[in-house]
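Peer 1: Right, I'll just put the structure down here and ask away after.
The values are calculated or read from the model by the stated rules, or taken from the named source; none is laboratory data. Quick caveat, the model's predicted, so the values are computed rather than measured. All Cβ positions, even for glycine, are placed from backbone atoms using ideal geometry, and neighbour counts span all protein chains on display.
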Amino acid sequence: MDRASGERLVYLWNHRDEFRSNSEWYELYMLTQRQLKRCKAPILASLPESKEHSIDDFFRIKAFETAGRNSTPLYGPRALCRFFNNYLKDCLRAQDTAEITDSGHEDTDDDDTPFIERFGFSPPEDMIDPALDALEYGITLSQARSAARALLMSLADWQLTVLAQSTCADTDDKLTADALAKQLAIPSANYHLKKLGITKAHGGGGNPHFRECHLGQWIAGFGVDPVQDNVACIHWLLIQLCHEALARGLGEE
């Protein structure tokens, strides 16, 4: 990458929370792709995704979803390669953890699994009105629904299908998320479900990896730490997400 492009990349990355147009995001995306395609990333050999797919995921999670959240500044184009490789290391750890956790288990959820447990959390002991917890963070219903629609638009078709027809569904004949993902021929289905944020509860302590998954990043975007202590608010936000997912899955407006 030439000097002018490198300086532009650094400037855009460090000022992305100030973007006012899609053209700025597009320019940053193209410069990021250009730089990362040149980076050596040996860890990719141990991951199921292609380099192009991993770059897209990295940009969405580390550039787009972290804008305005005091993320680590970029000091040079080469530092972006280090960011990317650190991200890949996190993906590899998540994959290894998923493989260990999945041993002896066929599905990531069961038809009768309580809703919040489908995302790896234990139900709260007392949840009178979770909307009140959301209001403490300044989150209104319209804000939650709007953010849910934006998130759903960024998901792959199979992810929306799993949410609408399995995880969010409440019918007797629905498939488990794991079974549906495999039916859709998604490679490394368990790994990708956990990367999305769909997993089994972890013995009452919540989901320790939820911060790193797509849904965990979405929850954190509201200023809510996605941990078991905040499960009532997390539950409410996921209900709003499911409301929108079911509407889209059923073809409603």
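Residues are listed down the side, and each one gets a yes or a no for (1) modelled with pLDDT of 75 or more; (2) over 11 Å from the mean Cα position of the chain (by Cα); (3) in a loop (DSSP other than H, G, I, E, B):
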residue	(1), (2), (3)
Y191	yes, yes, no
K195	yes, no, no
N207	no, yes, yes
H235	yes, yes, no
L246	yes, yes, no
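Peer 1: May I ask you to list the residues in segment 42-74 that are within 27 Å of D225 (Cβ to Cβ) and in contact with a Ser or Thr (Cβ under 6 Å, 6 or more places away or on another chain)?
Peer 2: F59
Peer 1: When the residues of segment 64-91 are narrowed to those that are within 13 Å of the chain's Cα centre (by Cα) and under 27 Å from R3 (Cβ atoms), which ends up modelled with the highest pLDDT?
Peer 2: Checked segment 64-91; the qualifying residue modelled with the highest pLDDT is F64.
Results for (1) surrounded by 13 or more Cβ atoms within 10 Å (Cβ to Cβ); (2) at pLDDT 85 or above; (3) under 23 Å from D57 (Cβ atoms), shown as yes or no for each residue.
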| residue | (1), (2), (3) |
| --- | --- |
| D126 | no, no, no |
| P130 | yes, no, no |
| L135 | yes, no, no |
| R145 | yes, yes, no |
| A148 | yes, yes, yes |
| L152 | yes, yes, yes |
| L155 | yes, no, yes |
| D172 | no, no, no |
